[in-house]
Amino acid sequence: MLTVALAGKPNAGKSTFYTAATMADVDVANYPFTTIDANRGVTAVRTECPCLDREERCGNDRCHDGTRYVPVELLDVAGLVPGAHEGKGLGNRFLDELTNADVVLNVVDASGGTNREGEPVEVGSYDPVEEVDFIEEEMDLWLAGVIGDNWEGVERKSRAPDFDLDGTLTEMLTGVGATEADVAAVLRDLEYPADPKRWDDADREALAREIRRRTKPMVVVANKADVAPPENLDRLREATDKPVVPATADGELALRRAAEAGVVSYDPGDPDFEVVGEVSAEQRAGLDAIGEVMERFDGTGVQAALNAAVYDLLDRITVYPVQDAGKWTDGTGNVLPDAFLLPEGATPPDLAYAVHTDIGEGYLHALDARSNRRIGEDHVLSEGDVVKIVSTAGP
């Protein structure tokens with residue numbers, strides 16, 4: 001399962017975002033370091049279900065009338081403060097937790113209502129743009145520190161006659177979440193001394209920065225957009241080349257709870273909602289305020305941020321393996337039972353391995369369930385494909 005991590009300074013709204021996205025019970029409060037231990041939960045990205053192309057909906061629990069929710073892990077950890085890479089605040093614990101994240105949502109207080117340490121200040125008095133570069137810088141310096149701490153071992157290995165610097169760096173960096181392909185790509189584009197004894201801090205920081213950029217892409221979540229001065233949102237968009245998604249985690253959480261109580265009809269990611277239950281005048285006013293924000297931003301932004309991270313930054317597609325190509329079912333008759341998030345460019349064998357290693361190793365061929373035609377093992381899969389894998393390890 002893919003892991004999406006929430007990063008940001010304290011009191012930016014990460015825990016509220018996490019609660020809204022997972023509906024798990026966590027501490028949410030208006031003071032720094034509400035989160036001490038990392039929270040791990042399951043949320044979902046949203047896409048169209050292939051059952052829309054059939055006469056009836058699939059009936060899967062994660063399909064809401066043709067809108068499919070595909071599970072991903074969401075990680076919420078303690079907020080970062082300046083100097084986190086040196087252990088200030090809960091920085092080292094936070095940064096260690098990020099090692100295995102696939103993508104990062106940098107949750108920024110777009111309202112400018114908290115200072116750099118996360119302490120409440122007057123709305124608009126703090127520049128949220130500073131939060132964007134600050135998070136990246138702390139992550140880069142932390143990773144540079146990890147590399148520096150291990151550099152003596154690299155130099156020691158360099159005394160061997162068969163020493164391979166690229167291989168040694170790959171071995172070290174795969175321990176902090178990079179793949180061999182990630183390291184190879186970075187080293188290919190990076191200029192560095194062949195002798196590790198000639199490396200300095202600037203070389204190690206350059207390596208750390210490029211590895212982080214490749215392995216921890218970011219979406220900027222402009223949280224508290226409902227109370228943010230408009231110029232703050234404009235400046236956030238202008239200040240970074242990363243996707244910026246305005247959001248109100250408070251609004252999303254309120255809608256999720258209202259939907260659970262049967263007060264509103266709302267699915268995560270909808271651009272609006274409908275009041276279907278009895279509400280007080282105060283509740284009506286609150287819902288109306290949320291509706292106005294959603295009209296401005298085409299939703300609350302929580303689902304949009306998750307989708308931007310997975311489908312846009314990570315270039316994932318959703319593919320549905322089935323056993324019966326005609327009925328689109330598994331062995332017990334469940335329609336479209338599973339959905340896998342695969343990298344763009346994935347092929348049927350990649351799907352087979354994603355289902356199970358034994359299925360991949362026994363791969364024979366695949367069928368496009370829409371056309372019931374065999375597809376080659378080099379066939380590039382697309383978003384929404386329904387595929388039957390034929391394998392010596394499966395039915």
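Here are a few things to note about the model shown:
- Computed FRET value (nearest 0.05) for ASP315 with GLU122, which takes r as the C-beta separation and R₀ as 25 Å: 0.05
- Cα shape, the stretch 272-315, gyration tensor, a/c 1.5 rule: prolate
- Solvent exposure of the stretch 250-395, expressed per residue, is 50 Å² of accessible area, with all protein chains present and a 1.4 angstrom probe.
- Amide H to amide H distances under 5 Å link LEU336 with THR329, ASP330, where only residues 5 or more positions off or on other chains count and H is placed in the peptide plane.
- Summarising the amide proton neighbourhood of ILE375: residues at separation of 5 or more, or on other chains, whose placed amide H is nearer than 5 Å comprise ALA366, LEU367, ASP368.
- Three semi-axes of the equivalent ellipsoid, the chain, Cα gyration tensor, whole Å, largest first: 36, 34, 15
- Globularity index of the stretch 228-319 is 1.23 (Cα radius of gyration / 2.2 N^0.38 Å, N = number of residues).
- For the stretch 86-211, the spread of Cα positions along each principal axis, largest first, Å: 62, 25, 24
- For the chain, carbon and sulfur atoms together expose 43% of the accessible surface, with a 1.4 angstrom probe and every protein chain in place.
- In the chain, the DSSP-assigned H stretches of four residues or longer account for a calculated mean residue ellipticity at 222 nm of -10500 deg cm²/dmol, using -39500 (n - 2.57) per stretch and the full residue count as denominator.
- Note on the chain: Lys pairs 8 or more places apart or on different chains, Cα atoms under 24 Å apart, count 14.
- Of the residues ASP140, ASP378, ASP226, the one that moves most in a GNM of the chain with alpha-carbon contacts below 10 Å is ASP378.
The values are calculated or read from the model by the stated rules, or taken from the named source; none is laboratory data. Computed from a predicted structure; not experimentally measured. FYI the Cβ positions are ideal-geometry reconstructions off the backbone, even for glycines, and counts take in every protein chain you see. Only protein heavy atoms, including side chains, enter the accessible area calculation; ligands, DNA and RNA are left aside. Shrake-Rupley method; radii C 1.70, N 1.55, O 1.52, S 1.80 Å.
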